[in-house]
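Let me begin by presenting the structure, written as structure tokens, before commenting on it.
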Amino acid sequence: MVRATPLPACRAAAEKRRARVTIRTHHTAAPAAGCQTVTRTACPVVPRPRTAPGPAGAARARTAPCVAPVPRLTTTVPREYVHRASHAEVFLTGSRRLADHQFALTAEWPHRHPFFTTPDGRHHHPLQAAETIRQTGLLLAHTQYGIPLDHHFLLTQLHLAVHPRQMATAPGPTELAVTATTTDTTHRGKRLTHFAMDIVIHRNGHPCATGGGHFATIPRAVYRRLRGTTAPPPRTRTSPGRTLSPAATLKNSAADVVLAETGRPRDYLLDPDPAHPTLFEHTSDHYPGMVLLEAAFQAAVHTRPGRPVPTGLRAHFHHYAEYTAPVRIGADTGGGDGITHITAHQEGRTPFTATLTHT
């Protein structure tokens, strides 16, 4: 048995005075019934319940200090779950499962995102909803279906419709509630390989956007075999002197424009700024899908001058758009009033098609 060494008289007196110091909390109301007022020493030591005097095995005090509940704080989901390099580009803030294939999520759009905002600063761009759809699919795949973080994803289809009145910016961040439902799930063994998803984005109880997409998951080794040797992204624009103007594409700055003139009407060259902080936020061995979607929006706006940003989108990704050859973007307005068909061409292939609707 180790015997406690008595403290010197002067030190014992100091400890006694120290124990009488009370740290007062910020609560001014009287403690609730059944709670004890907690006094703590000036040093950061949590008081232990005292053992009642008596023989060994006597009952110990069962009362516990009243601790105020910690408020739920808002933060983004881990950026790795949505394949983003920066927390500033993560829009989702939480998720939970409602049923086998139904989920509730929360999201937050910045007051004025430097890219996903209209030039007047008054509205969120529809592609911010598209990015929210993409992030939702990836987050659910990783957290709810067990897809490893090193897997690659193919977004083969995406559809979107926004409600312009609900896309207006607010003085602060826009808080959103998202409902997602997964369908058409396909497995290889126990691993999920494909799923479709439909989502509704609500703002203050009103639908803000609806949409969805089709996602395929690819293991890292399979992706490497599939892609083989790929070229790095270009370091600069290929045709900087022919870039469309920001005003003609309803963009905030010249850096946001991804199309260049070709000399032919309704025909454009894909030529984004490789240093763009949002479109090329993380490395990729091909043109990201968001670059192609942005190209579709800019081509539709440029083809129909004076019309607002499209509010509807239905896109299909057929092949990778490679860095090694020019990508031409063609716009066709023959589908009726307010409808623009977009087709991407690269070396005899069609990497991407889309239909955009103006309302």
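What follows is calculated from the coordinates using simple rules that are stated; it is not laboratory data. Treat the numbers as computed from the prediction; the structure is a model and nothing was measured. Here the Cβ is made from the backbone with ideal geometry for all residues, glycine too, and neighbour counts use every protein chain on show.
Observations on the model:
- 3J(HN,Hα) couplings calculated from phi for the stretch 216-225 with the Karplus curve 6.51 cos²θ - 1.76 cosθ + 1.60 (θ = phi - 60°) are, in sequence order, 10, 10, 10, x, 4, 5, 5, 4, 5, 5 Hz; Gly and Pro show x.
- FRET efficiency estimate (nearest 0.05) - Cβ-Cβ, Arg264 to Tyr145, R0 56 angstrom: 0.80
- Paramagnetic reach from Ala248 (point 7 Å along Cα→Cβ, amide N under 20 Å) across the stretch 280-312: 292-310
- Coupling constants for the stretch 340-353 follow from the phi torsions by the Karplus curve (6.51 cos²θ - 1.76 cosθ + 1.60, θ = phi - 60°), and in residue order they are 10, 9, 10, 9, 9, 10, 8, 6, x, 10, 10, x, 7, 9 Hz; glycine and proline get x.
- Three-way shape label, the stretch 230-359, alpha-carbon gyration tensor, a/c 1.5: prolate
- Fully extending the segment from Gln102 to His163, taken as 0.36 nm per residue of separation minus the present Cα-Cα distance, adds 19.7 nm.
- In order through the stretch 96-104: 3J(HN,Hα) via Karplus (6.51 cos²θ - 1.76 cosθ + 1.60), integer Hz, x for Gly, Pro: 8, 8, 9, 8, 3, 10, 10, 9, 10
- Between Val222 and Arg122, the simple label model (points 7 Å from Cα in the Cβ direction) yields a spacing of 4.8 nm.
- Under 5 Å, built H, 5+ apart or other chain: amide partners of Leu244: Leu259, Ala260, Glu261
- Neighbourhood net charge (15 Å Cβ-Cβ; Lys/Arg +1, Asp/Glu -1) for Pro164: +3
- Protection proxy ranking, peptides 285-292, 111-118, 131-138, average beta carbon neighbours within 10 Å, highest first: 131-138, 285-292, 111-118
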